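Presented below is the structure to which this report refers.
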Amino acid sequence: MIIVQDKLVSDALVEEHFICNLDACKGACCWEGDSGAPLEDAELAILRRIYEDVKPFLSPAGIAALEKQGAYTWFEEAGEWGTPLVDNGPCAYMTLHNGVAQCGIEQAWKAGATDFRKPISCHLYPIRVEKNEEQNFEALNYHEWDICSAACSLGKKEQVPVYKFLKEAIIRKYGEAFYEELDGAAEFMRQNKD
């Protein structure tokens, strides 16, 4: 583990490699799994606020699921709020373009229809943030999933560590100074590995 500011960061974020390979996986993380994308408390109000702005970018099935379930859903097994699912399958915010999953929220953001890009858990993936409120700490862990094997292979081929692939998302969540400290710690690890 690396300690960056007051966060625990898994060594795997430095040691493992990753570059999303949508040509191979087709965005399967948007339709696989047992629950929707984890949501932070602050994102709940945002998703309610932007619904009408992102609605034109969503599929009819996604709109139906959101209008029935609301902008977010409580997943009991996971113990957290998440994006609603369409018939226990794909994320309600997912759309398909040429057979590849896209985030309707992000499509709306790219079009300038909303100021919210997408849930931070999606932007940070394959990093999963675990919070322990009682002990007041956050841990950034690498989530390994077989559907991302092509992303791991591409990352290894290009020699891009997980944290470098996710630079923009990490800065969005924790700020530039956090990323620079993480990068410095990673460089120190690399130099002292041999």
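With a ≥ b ≥ c taken as the square roots of the eigenvalues of the C-alpha gyration tensor of segment 39-168, please select rounded if a/c is under 1.5 and otherwise prolate if a/b is larger than b/c or oblate if it is not? Oblate, because a/c is 1.5 or more while a/b does not exceed b/c. Springs between Cα atoms under 10 Å define the GNM used for the chain, and in it the highest mean-square fluctuation of A78, A151, A113 occurs at A78.
Using 0.36 nm times the number of residues separating A42 and K167, minus their current alpha carbon distance, what extension gain do you get?
Between A42 and K167, full extension yields an extra 42.8 nm.
When the chain is treated as a GNM, springs tying every alpha-carbon pair under 10 Å, which of L85, L39, L96 comes out with the largest mean-square fluctuation? Maximum fluctuation in the GNM of the chain, among the listed residues, is at L96. Using a Förster distance of 41 Å, how high is the FRET efficiency between K157 and A64, based on the Cβ-Cβ distance and rounded to 0.05? Given R0 = 41 Å and the Cβ-Cβ separation, E is 0.50.
Given the rule -39500 (n - 2.57) for each run of at least 4 DSSP H residues, summed and divided by the residues of the chain, what is its mean residue ellipticity at 222 nm, to the nearest 500 deg cm²/dmol? Can you show the working numbers first?
Details: 10 runs with 82 residues, N = 194.
Result for the chain, helices only: -11500 deg cm²/dmol.
The angle between the Cα long axis of helix 41-54 and the main principal axis of the chain comes to about 50°, on a 0 to 90 degree scale. Modelled label positions at Q5 and W74, each set 7 Å beyond Cα in the direction of Cβ, lie 3.0 nm from each other. With both residues required to sit in segment 1-138, DSSP beta bridges show an antiparallel share near 95%.
To the nearest 20 Debye, how big is the dipole of the chain about its Cα centre, given +1 on the beta carbon of each Lys and Arg and -1 on that of each Asp and Glu? Each step should come with its number before you reach the end.
Details: 19 positive and 33 negative charges, 146 e Å.
Approximately 700 debye in magnitude.
Could you let me know the centre-to-centre spacing of segment 70-111 and segment 16-45, using Cα atoms, in angstrom? Comparing the Cα centres of segment 70-111 and segment 16-45, I get a distance of 9 Å. Taking 7 Å steps out from each Cα toward its Cβ at N136 and M189 produces label points 2.6 nm apart.
Which residue fluctuates the most in the chain, going by a Gaussian network model with Cα springs under 10 Å, if the choices are E16, E130, E32? Of E16, E130, E32, the most mobile in the Gaussian network model is E130. Would segment 25-112 count as rounded, prolate or oblate if I go by the C-alpha gyration tensor, calling it rounded below 1.5 in a/c and otherwise prolate when a/b exceeds b/c, oblate otherwise? It is oblate, given that a/c is not under 1.5 and a/b is not larger than b/c. Let me make sure I get this right: for segment 9-48, a, b and c are the square roots of the gyration tensor eigenvalues over alpha carbons, sorted descending. Under 1.5 in a/c it's rounded, otherwise prolate if a/b > b/c, else oblate. Which is it? Oblate shape, in that a/c is at least 1.5 and b/c is the bigger or equal ratio. Excluding same-chain neighbours fewer than eight residues apart, the aspartates and glutamates reachable from K68 by a Cα-Cα span under 16 Å are E52, D87. Computed on the Cα trace of segment 100-194, the radius of gyration divided by the Kirkwood hydrodynamic radius gives Rg/Rh = 1.01.
Read the figures in this text as sums done on the coordinates, not as results from a lab. What you are looking at is a predicted structure, and each value in this text was computed from that prediction instead of being measured. Neighbour counts run over all protein chains shown; Cβ positions are idealised from the backbone, glycine included.
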